[in-house]
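The values are calculated or read from the model by the stated rules, or taken from the named source; none is laboratory data. No experiment lies behind these values; they were computed from the predicted model shown. Cβ atoms come from the backbone with ideal geometry, glycine included; neighbour counts cover every protein chain shown. Note: accessible area is taken over every heavy atom of the protein model, side chains too, but ligands, DNA and RNA are not part of it. Shrake-Rupley method; radii C 1.70, N 1.55, O 1.52, S 1.80 Å.
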Amino acid sequence: MAASTATAPTDRIDVFWESGMLNHNSGNGVFDTGMDPGFLDVLEKHPENSDRVKNMVSILKRGPISPYISWLPGRPALLSELLSFHSSEYINELVEADRDGGKMLCAGTFLNPGSWGASLLAAGTTLSAMKHVLDGHGKIAYALVRPPGHHAQPTRADGYCFLNNAGLAVQFALNSGCSKVAVIDIDVHYGNGTAEGFYRSDKVLTTSLHMNHGSWGPSHPQNGSVDELGEAEGFGYNLNIPLPNGTGDRGYRHAMTELVVLAIQKFEPEMMVLVIGQDSSAFDPNGRQCLTMEGYQEIGRIVRSLADRHCSGRLLIVQEGGYHVTYSAYCLHATLEGVLNLPTCLLSDPIAYYPEDEALAVEVIKSIKKFQKDNVPFLKGA
């Protein structure tokens with residue numbers, strides 16, 4: 001009974017999923033390039049491949065967390081719905097690329113046969129998950145979607161992303177009457193597309209904890225630096241937290257408690273969106289942040305607490321990156337355990353120990369906190 005009391009009354013996660021999203025195939029090659037150099041016997045799958053998500057689905061269906069999971073179907077988005085975030089010119093470009101049999105839209109980002117249909121499913125499924133929460137059918141929904149979306153900007157693709165699933169859901173919440181929405185993005189890469197979509201808005205607080213990678217070319221001109229604070233009415237409502245490589249569990253916990261919690265408390269949102277990527281893990285091929293299951297669980301617990309305190313428990317979780325086919329699924333399981341605020345761990349870490357030294361991260365976080373207090377109007381004096 002004690003365990004039941006600890007997780008009552010709404011402790012289930014409604015997972016929105018459609019198998020058609022597996023039809024997106026980014027191909028094989030040298031990492032994410034699609035290139036065959038001619039001297040390798042084995043070409044690896046593109047890191048954003050269907051295997052990673054198959055394991056996420058299976059661990060939620062057959063892992064120890066399964067009693068807390070409810071499954072709901074998604075749907076394809078209508079083209080008209082996409083225009084709430086993306087420009088008509090960009091959507092037309094994607095439609096034409098699909099009609100022509102595919103296109104490399106930018107480095108590592110391949111729209112192949114099947115990709116457009118999967119992208120529409122990802123967008124529509126995320127919208128369905130948000131509507132489910134807003135309509136009061138559940139407190140916590142998880143859009144288990146691919147292709148990912150948080151790099152897709154209103155007018156361009158970027159970083160394996162075609163449509164900004166989270167951005168579309170946030171705009172839907174605003175259009176449905178939410179006065180303020182907070183986004184917490186823990187993918188290892190800067191959520192530049194979501195930030196760009198709301199860069200001039202004071203209705204959306206976009207917060208991104210990411211590896212300090214800077215711009216990576218024309219498709220990703222943003223640096224993710226602390227001084228990218230937003231513009232016009234949105235100035236101060238884009239909070240970037242670029243963390244040093246190897247920040248680890250304790251460093252991320254420190255960033256959450258020192259920076260994110262304070263910002264959310266001051267902003268007082270009506271709806272919370274947690275954008276998750278397991279590429280922040282210690283063993284991901286696409287990141288260097290060294291989170292383990294323990295760190296993900298703690299982040300989930302903190303975000304759940306914020307949602308309970310400020311948003312009547314309403315929380316949408318949106319899947320992004322995470323490219324270690326096995327460990328990403330385990331880290332997802334840990335994140336959702338934290339969101340459920342379970343009293344004990346359900347699943348042990350198969351890799352477990354990773355040495356940590358958070359000293360550098362603590363100093364970086366201290367400097368970011370000072371910068372934000374000095375420059376962000378709604379945080380001054382906090």
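Positive-end ranking of Ala329, Ser115, Trp216 along the dipole of segment 13-375, with charges on Cβ about the Cα centre, is headed by Ala329. Surface composition of the chain: carbon plus sulfur atoms contribute 51% of the solvent-accessible area (1.4 Å probe, protein chains only, all chains present).
Computed over protein heavy atoms with a 1.4 angstrom probe, the accessible surface ordering of Met35, Met21, largest first, is Met35, Met21. Taking GluC sites (Glu not before Pro) across segment 302-382, none is in a DSSP loop with at most 11 further Cβ atoms lying within 10 angstrom of its Cβ. Think of the chain as having a plus end and a minus end, set by charges on the Cβ of Lys, Arg, Asp and Glu; of Asn55, Leu259, Asn245, Leu259 sits farthest toward the positive end of this dipole. About the centre of its Cα atoms, the chain shows a dipole size close to 960 debye [charges on the beta carbon of Lys, Arg (+1) and Asp, Glu (-1) only; nearest 20 debye]. Protein heavy-atom accessible surface, 1.4 Å probe, per residue over segment 17-163: 42 Å². The aspartates and glutamates whose alpha-carbon is closer than 13 Å to the alpha-carbon of Lys370, local same-chain residues fewer than 8 away aside, are Asp227, Glu258.
Counting charges near Lys45 (Lys, Arg +1; Asp, Glu -1) among other residues having Cβ under 11 Å from its Cβ returns a value of -3.
Average accessible surface for segment 264-382: 38 Å² per residue, computed with a 1.4 Å probe over protein heavy atoms with every protein chain in place.
When a/c is below 1.5 the answer is rounded, else prolate if a/b is larger than b/c, else oblate, so apply that to segment 206-321 with a ≥ b ≥ c taken from the square roots of the Cα gyration tensor eigenvalues. It comes out oblate by the Cα gyration axes.
Report the residue, chosen from Asp202, Asp249, Asp349, that carries the largest GNM mean-square fluctuation when the chain is represented by alpha-carbon nodes joined by springs under 10 Å. Of the options given, Asp349 has the highest mean-square fluctuation. A DSSP coil position with no more than 11 other Cβ atoms inside 10 Å describes the following chymotrypsin sites (Phe, Trp or Tyr not before Pro) in segment 35-120: Phe39.
Where both bridge residues fall in the chain, DSSP classifies roughly 20% of the beta bridges as antiparallel. When semi-axes √(5λ) of the Cα gyration tensor in Å is computed from the coordinates, the matching label among (i) 31, 24, 23; (ii) 28, 24, 23; (iii) 38, 25, 17 is (ii).
Please give me the summed charge of the neighbours of Gly20: other residues whose Cβ is under 14 Å from its Cβ, Lys and Arg +1, Asp and Glu -1. Overall, the nearby charge balance is +2.
Using a 10 Å cut-off on Cβ atoms, rank the peptides 219-229, 117-127 from the highest mean neighbour count down. Walk me through the numbers before you get to the answer.
Working: 219-229: 17.5, 117-127: 26.3.
My ranking of the peptides, most packed first, is 117-127, 219-229.
Of the residues Val376, Val42, Gly197, the one whose Cα sits farthest towards the positive end of the charge dipole of the chain is Val376 (charges of +1 on Lys and Arg Cβ, -1 on Asp and Glu Cβ, taken about the Cα centre).
The alpha-carbon of Lys373 sits under 25 angstrom from the alpha-carbons of these lysines, leaving out residues fewer than 8 places away in its chain: Lys180, Lys203, Lys266. For segment 113-119, putting each phi into the Karplus relation 6.51 cos²θ - 1.76 cosθ + 1.60 with θ = phi - 60° gives couplings of x, x, 5, 5, x, 5, 5 Hz, in residue order, rounded to whole numbers and with x for Gly and Pro. Between the alpha-carbon centres of segment 318-382 and segment 197-231 there is a gap of 18 Å.
Name the shape class, rounded, prolate or oblate, that the alpha-carbon gyration tensor gives for segment 1-121, where a ≥ b ≥ c are the square roots of its eigenvalues, rounded holds for a/c under 1.5, and otherwise prolate holds if a/b is larger than b/c and oblate otherwise.
oblate
Taking a ≥ b ≥ c as the square roots of the Cα gyration tensor eigenvalues, segment 252-296 comes out prolate, since a/c reaches at least 1.5 and a/b is larger than b/c.
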